[in-house]
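Read through the structure below, which is laid out as structure tokens, and then see the notes.
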Amino acid sequence: MSMLTTMSTGNMQRIGWAVLIGALLAAPFAIHSGRWMEFIELTLFAALLGQGWNILGGYGGQYSFGHALFFGTAAYLQALLQYKLGWSPWLTLWIAIGGSVAVAAFVGFLSFRYGLRGSYFALVTLAFAEAFHVLSRSLVSVTEGGRGVQLPLNQDPEQALATFQFTFAGPFLSEAGYYYTILIFLLIGFAVTGWLNHSRFGAQLQAVREDEDAASALGIDPFRVKMSAICLSAGVTSLAGIYYVQKFLFVDPGIAYGPGKSVEALFAAIIGGVGTVLGPLLGSAFIHIVGEFAKETIGAMLGDRPGVDLILFGIILVLMLAYMPRGLVGLVELLWRKLITKRGGGNA
Amino acid sequence: MDFLGISLPSYSLETVFGSAISGVFLGAIYALVALGLTLIYGVLHIINFAHGTLLMLAMYAVFFLWSVFGVDPYLAMLIVVPGGYLFGYALQRSVIGRTSHGRDEIILLTTLGVSIVLENFALFAFSANERNVQVPYDFDGIDLGVVYIVWPQIAALVGSLLITAALWCFMRFTDTGKAIRAVAKERQGARLMGINVEHIFAVSFGIGTACVAAAASLLAPTYAVFPQVGYLFVLIAFTVVVLGGMGSFVGALVGGLVIGVTEQIGRLYLGESLGLITISAIFILILLFRPTGLFGQRL
Amino acid sequence: MLDVSSLTKRFGGLVAVNGASLTVNEGEIVSLIGPNGAGKTTLFATIAGFLKPNEGSVVLDGQDITGHKPHEICRRGMVRTFQVVKPFAGLSVRENIAVGAHTRIAGREEALEFAGKIAAHVGLTPLLDQSAGDLTVAGRKRIELARALATQPKLLLLDEVMAGLNATEILEIVEIIQQIRDSGVTILLIEHVMQAVMKLSDRAYVLNYGEIIAEGSPVEIAHDPKVVEAYLGHGASERMKSAGGADA
Ligand SMILES: Nc1ncnc2c1ncn2[C@@H]1O[C@H](COP(=O)(O)OP(=O)(O)OP(=O)(O)O)[C@@H](O)[C@H]1O
Ligand SMILES: [Mg+2]
């Protein structure tokens, strides 16, 4: 109790982060159920998607409805360059990130140059994602079309690291290799958003989100800031695409550019709390727990039919928008402040 | 001709003309779907992402009325149009209106949330299977020489024109229509004049949904219904509305026809799947270069 | 320091600013006054790069900046505030001011610290950790001023920073503005509060229907019949003279 009141919020936050990251790093040693590890892995994956979206949407206030664009472009590059040209995944990874960022620069340049804001920006990103969806389905000679790209499974433990595939990577890595991949990617995402909270660029980005005119009066070039944000956002999102391809060894137009990934990113970030470092992880964890719970209960009652979880997510999203626009992080902060004032009052 | 390494076939003028004609019929349906969307935008300044999902639900209603009760899809209009109105009215009042304070992308998100709920409800309740309404006059029609047009297509064209005309008259000549236009033009002023703006919002949303329900009836004989069908249509409807000018009825009609024809000709030259890119391309280009559309005026 | 010559800005058919010319010398406080809708804010916006002029030029420190982007102009040392205040509502007061500070200061810690100093100058210290969205009108006006000041400008354009304030608050702001000038910042201000204009300005310009109709010391301006007419309507100065109470 005295610790709670004497420690500064900054220190408390630092300790919180250390505990969280420590727990995530140690998880494979503590949890031996494959099903639960899989569950956590998917949670981190959605958190990464959400974090990518959050950089542009949460910090920059530019709500994209087509973030699949950046996920899908990275996924396709990562898959196709290995599949068609036999390049190393450790090389294609950089091209996947670069390609995603290039697409972001293209879309961003057009949208921001022509002053698209708000819903219009959301719709134009959606339209770009849809255009890429159609292209990836149609340009069969390049993308294999609707059949998708299936990468060969490496079964040689010697080659596990070289092929960036962990299924046959020996006792420990076959269990935890993909988990640590997504964890590292997510930590990169955390690092980027953490930097946004403590840097000039982050401050300028948030200023642009709040008011573009005021920002430009204060010497900020909104176009340049938004361009940087969309590229950064795409870079982080592209990591999710790389992970996906290495893990599932497969990508097709629907997975890459369909609305699913864009919506997953939105859900995690908005339910968790936009413009916060922890929001997307919190949102993703909440969604996955609710989804799992729904499958266990409603699924058991009515038979395992698709759709139940998304119905719930949709309802949660709408409720959040109506009553809790700051998301779960906002809720936690509120509760935390109440707790602190109560304890502080009791001490005095 | 060549497009991204795919060589384009060359067609006779008749074939192209035939495509254009069937594009007009397709476009009429697009126009009808877009009509409700443009009305809602014009009055509430809301981009309703759930519009396609509402179409999907109405198509299911038409389908079940036909398969369970044997109701002809066109007759079903008498039920689904009022039903759509009530549903839309309630949806605006109880859900969308509640978040409509604040930024426009938040409202867009709300309607996205609603569409996710409804789409997955359909998936949950009706499964992903495609379902078709079969009517005896399915394949009867008239041969225009360059293209064969079936009666359901003709009904859709005529129906779209009639409904657009009816809506236009409604907005001009009825008190409710005038109130809607007043709200669309000057929200605060209308409120001062004693118009119940919240009610008018919901009425407009209801009428928009009723339009989409009418479209569902006209679509049912020629289109299969499945949970994601709304997503296909909502993108097209956005394109039509943006092209025609947000909030413009005439724009929706013209935009619908333009998109229908472009899509058909695009499919002819680029193939069934790549042809769809014409829609996204038009959408992006219009948003970037002429966001007010062709008829950028208000209702 | 600032030379505006024959600036014209049209909105469709409406000529909001019509061939306006004005000069501001280093170290001065110059006021721009005029009735509502005269085009003062539009003139500011055009000078600061928010609107492209149809004709005329803006020269800052001998360099032509006509049509430059607002952020470029800010970096050259001229910054404006907004009559309709635009706080970054989601950020704290300190963070708001730090955004301005970042124009010249790269480091986050340094910018936040500098923001604290600026806040002390304008009397915002007690509110530093509050959300800018929660502030009163007076607080918001001060944020506008503080943020602009934090960019370390040579020339400050203030658009009605006293509107909506009570008498005590106005006195405080007047004092703050004097201190800012004493610290070496040149000031051009739009103001309706005449008592403040009289007290602060070295010179004043009067804008009416987009045109500069008078220029001079505050006292000269106050006695200029054209100005009185602009404010009170045609024939007003005649009427006032014949009523014998012209100085009221
Ligand atoms: N963006 C715009 N588009 C069209 N007209 C405008 C625009 N901005 C201003 N105006 C018009 O230009 C004229 C000058 O407006 P401005 O705001 O510059 O006046 P002002 O002198 O600042 O008035 P006030 O003292 O009320 O602030 C007004 O008639 C106004 O309606
Ligand atoms: Mg003004």
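The values are calculated or read from the model by the stated rules, or taken from the named source; none is laboratory data. It should be emphasised that the depicted structure is a prediction, and the values quoted were computed from it without experimental measurement. Note: ideal-geometry Cβ built from the backbone for every residue, glycine included; neighbour counts use all protein chains shown. Side chains included, ligands, DNA and RNA excluded: accessible areas come from the protein's heavy atoms. Shrake-Rupley method; radii C 1.70, N 1.55, O 1.52, S 1.80 Å.
Odds and ends about this structure:
- Protection proxy ranking of A:23-31, C:213-221 - average other beta-carbon atoms within 10 Å, highest first: C:213-221, A:23-31
- Alpha carbon centroid spacing (whole Å) that separates segment C:101-174 from segment A:305-341: 35
- For chain C, a crude dipole built from +1 on the beta carbon of Lys and Arg and -1 on the beta carbon of Asp and Glu, taken about the Cα centre, is about 580 debye to the nearest 20.
- A 1.4 Å probe run over the protein chains yields, for segment A:34-258, 33 Å² of accessible area per residue, whole-number rounding.
- Shielding by partners for peptide C:77-83, expressed as the average number of C-beta atoms from other protein chains within 10 Å of each residue's C-beta, is 2.
- Point-charge dipole on Cβ atoms (K/R +1, D/E -1) for the protein assembly as shown, about Cα centre, debye to 20: 880
- Magnitude of the charge dipole, segment B:176-299, Cβ model with Lys/Arg +1 and Asp/Glu -1, debye to 20: 460
- Other protein chain Cβ atoms within 10 Å, averaged over every residue that makes up B:122-132: 2
- Dipole orientation for chain B: of the candidates B:Phe126, B:Leu44, B:Phe87, B:Leu44 has the Cα lying most toward the positive pole (charges on Cβ; Lys, Arg +1; Asp, Glu -1).
- Segment A:185-233 versus segment B:124-165: alpha-carbon centroid distance in Å: 51
- Area hidden from solvent between A and B (accessible, protein heavy atoms only, 1.4 Å, total, Å²): 3800
- Averaged over C:86-93, number of beta-carbon atoms from partner chains that fall within 10 Å: 4
- DSSP bridge orientation in the protein assembly as shown - percent antiparallel, rounded to nearest 5: 65
- Apolar share of the accessible surface for segment C:84-152: 53 percent from carbon plus sulfur atoms, 1.4 Å probe.
- Highest mean packing comes first when the peptides A:210-219, B:155-164 are listed by Cβ atoms within 10 Å, giving A:210-219, B:155-164.
- Percent RCO, i.e. relative contact order, over chain C, from Cα pairs under 8 Å lying at least 6 residues apart: 24
- With protein chains left intact and a 1.4 Å probe, residues in segment C:84-152 average 39 Å² of accessible area per residue.
- Per-pair calculated FRET efficiency, R0 = 22 Å: A:Ser174 and A:Phe29 via Cβ, rounded to 0.05: 0.90
- Burial order of peptide ranges A:88-101, C:173-186 (average beta-carbon count within 10 Å, highest first): A:88-101, C:173-186
- Taking only protein heavy atoms and a 1.4 Å probe, the accessible area of chain A is 68% carbon and sulfur.
- Chain pair A, C: total accessible area buried, heavy atoms, 1.4 Å probe, Å²: 1700
- Centroid-to-centroid separation of segment A:247-277 and segment A:28-73 [C-alpha atoms, Å]: 6
- Antiparallel content of DSSP bridges confined to chain C, in %, to 5: 55
- Database remark: amide H of A:Gly60 closer than 5 angstrom to no amide H (H placed geometrically; neighbours at sequence offset of 5 or more, or on other chains; Pro and chain starts carry no H).
- In segment A:202-228, the residues that give up 30 Å² or more of accessible area when the other protein chains are added, compared with the chain on its own (1.4 Å probe), are A:Ala203, A:Ala207, A:Glu210, A:Asp211, A:Asp213, A:Ala214, A:Ser216, A:Ala217, A:Leu218, A:Gly219, A:Asp221.
- Drop in accessible area of at least 50 Å² in the complex versus isolated chain, residues of segment A:120-134, 1.4 Å probe: A:Tyr120, A:Leu123, A:Leu126, A:Ala127, A:Glu130, A:Val134
- Excluding ligands, DNA and RNA, the accessible surface per residue across chain B is 40 Å² with a 1.4 Å probe.
- Placing unit charges on the Cβ atoms of the charged side chains and taking the dipole of chain A about its Cα centre, the candidate lying farthest along the positive direction among A:Thr73, A:Gly86, A:Thr163 is A:Thr73.
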